[in-house]
Amino acid sequence: MLEEKRIDNMKENPREEIEQLIQKGDLESLLNKAAELHGHFCSYLAYGVKAGYTAVKEIGSKNAGMEEIIAIVETNNCFSDGIQLVTGCTFGNNALIYKDVGKTAVTLTRRDGTAIRIVLDPTYEKSIEMEYPEANELWEKIVVKREEAKPQEQSRLMELFAEQAFSELKKPVDKIFRITRMKIDTPSYAPIFNSVICPLCGEKTYKPTIFNGKSVCKDCAEANYCILTGKGIQQKHTS
């Protein structure tokens, strides 16, 4: 009976558990859930959780994934996964906007334009390299330089990352971030496009292009398109 009730509650509000954790201020449990999505613990995931929590508490709006609130992230690093988990703004529900400027920052806004921008303080960011020297050394070797690492070094890096992540959660918000409250022009709702069946491959697309007088998919037309990789948004040229 209890399990059935829990499932019924999940159907009504799939984010109920996350919302309860936000209300309780249980950042460690939120970080654990974010790591389930992200795949590992690290300080930038923790910053995303902490920034997302701070923004949601101030904006004060629940999110059913229908673009009630919008998150504008300025990086595609680990920070953004923490933001997605806590705020409920994701790529798939059209409430996550990616601004490709390479800053560890997020702006969370309601539909009336009430917004808060939170950016990782660069002075603080520099100081943590000295606070966690072993983790930083392994990060440089394994991730930055992509040098071959022993299994125990890989394991040690993940262990240090986890310790660092939970430690950073406890730091004061005003020490880690620069916070600005503002009014912004709210991004419009995502449009609904008409789809067509590509006559060449038979697949449905809502972004066709004209090729030899027909509406076909960009793959079949060998047309240029944009792609998001670890390098950011890039124009993909097919010719």
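Taking all protein chains as they are arranged and a probe of 1.4 Å, the heavy atoms of Glu147 leave approximately 90 Å² accessible to solvent.
3J(HN,Hα) along segment 104-117: 7, 8, 9, 10, 10, 9, 8, 5, 7, x, 5, 9, 9, 10 Hz, from the Karplus curve 6.51 cos²θ - 1.76 cosθ + 1.60 with θ = phi - 60°, whole Hz, x for Gly and Pro.
Remark: for residue pairs Lys24/Lys57; Lys50/Lys103; Lys103/Lys126; Lys103/Lys231; Lys33/Lys171, the C-alpha separation exceeds 18 Å in Lys33/Lys171.
Can you tell me, using C-alpha contacts under 8 Å and at least 6 residues apart, the relative contact order of the chain as a whole percent?
Numbers: 361 pairs, mean separation 39.2, N = 239.
After rounding, I find 16 percent.
Pull out a ≥ b ≥ c, the square roots of the eigenvalues of the alpha-carbon gyration tensor of segment 116-239, then state rounded if a/c is under 1.5, prolate if not and a/b is larger than b/c, and oblate in the remaining case. Display every interim value, and only then the final one.
On the way: a/c = 3.56, a/b = 1.77, b/c = 2.01.
Oblate shape, in that a/c is at least 1.5 and b/c is the bigger or equal ratio.
Would you mind telling me the share, in percent, of accessible area of the chain contributed by carbon and sulfur at probe 1.4 angstrom? The computed percentage sits at 52. Dividing the mean sequence gap of close Cα pairs (under 8 Å, 6+ apart) by how many residues segment 74-169 holds gives a relative contact order of 18 percent.
Loop-located chymotrypsin sites (Phe, Trp or Tyr not before Pro) across segment 165-239 with a Cβ neighbour count of 16 or fewer within 10 Å are Tyr189, Phe193, Tyr206, with loop assigned by DSSP. Estimated at 0.36 nm per residue, the fully extended path between Asn224 and Gln23 surpasses their Cα-Cα distance by 67.8 nm.
Checking (1) 33; (2) 39; (3) 28 against the coordinates, the calculated percent of Cα pairs over 30 Å apart falls under label (2).
From the square roots a ≥ b ≥ c of the eigenvalues of the alpha-carbon gyration tensor of segment 199-239, which class results: rounded (a/c under 1.5), prolate (a/b over b/c), or oblate?
Numbers: a/c = 2.95, a/b = 2.05, b/c = 1.44.
Prolate.
For segment 197-236, applying the loop criterion from DSSP together with a ceiling of 12 other beta carbons within 10 Å to the trypsin sites (Lys or Arg not before Pro) yields Lys231.
For segment 32-62, trypsin sites (Lys or Arg not before Pro) are listed when DSSP marks them as loop and at most 14 other Cβ atoms sit within 10 Å of their Cβ; the list is Lys62. Dividing the summed helix terms, -39500 (n - 2.57) for each DSSP H run of n ≥ 4, by the number of residues in the chain produces a 222 nm estimate of -12500 deg cm²/dmol to the nearest 500.
What net charge do the residues around Lys50 carry, taking every other residue with its C-beta under 9 Å from that of Lys50, with Lys and Arg at +1 and Asp and Glu at -1? Summing Lys/Arg as +1 and Asp/Glu as -1 gives 0. Within the listed set Val73, Val143, Val101, the residue fluctuating most in the Gaussian network model of the chain (springs between alpha-carbon atoms under 10 angstrom) is Val143.
Compared with the dominant Cα axis of the chain, that is its longest principal axis, helix 122-131 is turned about 50°. Across segment 1-114, C-alpha contacts under 8 Å between residues 6 or more apart give a mean separation that, scaled by the residue count, equals a relative contact order of 26 percent. Quick check: net charge around Leu27, other residues with Cβ under 13 Å of its Cβ, Lys/Arg +1 and Asp/Glu -1? Net of charged neighbours comes to +3.
The values are calculated or read from the model by the stated rules, or taken from the named source; none is laboratory data. Keep in mind it's a predicted model, so treat the numbers as computed, not measured. Positions of Cβ are generated from backbone atoms using ideal geometry, with glycine treated the same way; all protein chains shown enter the neighbour counts. The protein model used for the area step is the full one, side chains on, heavy atoms only, and it has no ligands, DNA or RNA in it. Shrake-Rupley method; radii C 1.70, N 1.55, O 1.52, S 1.80 Å.
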